[in-house]
1. Arrange C98, C32 by Cβ neighbour counts within 10 Å, fewest through most, would you?
2. Applying the Karplus parametrisation 6.51 cos²θ - 1.76 cosθ + 1.60 with θ = phi - 60° to the phi angles of the range 209-216, what ³J(HN,Hα) value in whole Hz is obtained for each residue in order, glycine and proline being reported as x?
3. Going highest first, how would you order 224-237, 140-153, 65-78 by mean Cβ packing within 10 Å?
4. If Rh is defined by the Kirkwood formula over all Cα pairs and Rg also comes from Cα, what ratio Rg/Rh do you get for the chain?
5. Beyond 19 Å, what percent of the Cα pairs of the range 1-124 remain?
6. Give the Debye-formula value of log10 I(q)/I(0) at each listed q (0.20, 0.21, 0.27 Å⁻¹), with one equal scatterer per alpha carbon of the range 195-247, two decimals each.
7. What number, in nm² with one decimal, is the all-direction average of the projected area of the convex hull of the alpha-carbon atoms of the range 30-76?
8. Could you let me know the centre-to-centre spacing of the range 117-137 and the range 177-225, using Cα atoms, in angstrom?
Amino acid sequence: MPRDVLRVCALYPDLMNIYADRGNLQVLERRCAWRGLGFELTGAGIGEPLDPAAHDLIYIGGGQDRDQALCAQDLASPAKRDALHAAAAAGKVVLAVCGGYQLLGHGYAMGAERLPGVGLVDLETVREDGPRLIGNVAIEVELPGLDGPGVLAGFENHAGRTRLGPGAQPLGRVLAGHGNDGADGREGVRSGNVVGTYLHGPLLPKNTWFADWLIATATGREPGALAPLDDTLESGAHRAARRAAGL
Ligand code: GLN
């Protein structure tokens, strides 16, 4: 039975919110409201509990290395780690952007320091010498329930290089930009309803088709079952982001 309220928990909403990643939450809220669906937003910061049964979508934005370090310890604490694993195992949607994405894996090595990851997906991130991976980016993505591949366009800025282990599948194929490590042509990770990506933008205002996939999946609907919206402005934003990436 599809749910008529999308219940979102933002993890570390103050610390993990680089490039106004909070805009992703506003898009989810508006697109629910425009369709007559409810939207509930809860925040869970450092030391605060996460109830895996109380949310349909768990969101982590991007962050600077120093803010990530604070969050990493908390996310890897048994209470948060177990709750996040329980949510993922129950098919809840997890969306993590950039710094949040890096924390989904086994760890993030920053020189002599290694931040623990929450171990939800098989990936490792390393901050290497060499330039930050910065710029507009576009990837081709295939998602269950959609007719064909779609394009996600956004902006990336990360020092960490992420390498997927054999147990992980990328979210998409790089069409333009750097992606996970600037070399292997892969971007992000997806394991069932757990999605990680380097795309800011923020991601969802520029890619509302993906916002709708998240809403549908998190509320137990087929993507095609959501009422269509007038996306004239949103389509323009998507086209502009694609053009910026050189598509
Ligand atoms: N601090 C991380 C890095 O530089 C992630 C940055 C971000 O979230 N934009 O790799």
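1. Listed from fewest to most nearby Cβ atoms, that is C32, C98.
2. In residue order, the calculated couplings are 4, 6, 4, 5, 4, 5, 4, 4 Hz.
3. Packing proxy ranking, top to bottom: 65-78, 140-153, 224-237.
4. 0.94
5. Of all Cα-Cα pairs in the range 1-124, 45 percent lie more than 19 Å apart.
6. Debye output, listed in q order: -0.78, -0.84, -1.09.
7. 4.2 nm²
8. Rounded to whole Å, the Cα centres lie 16 Å apart.
The numbers here are math on the coordinates, done by the rules we state, and not lab data. Since the structure is predicted, the reported quantities are computational estimates derived from the model, not experimental observations. Reconstructed Cβ throughout: ideal geometry from the backbone, glycine too, with neighbour counts over all protein chains shown.
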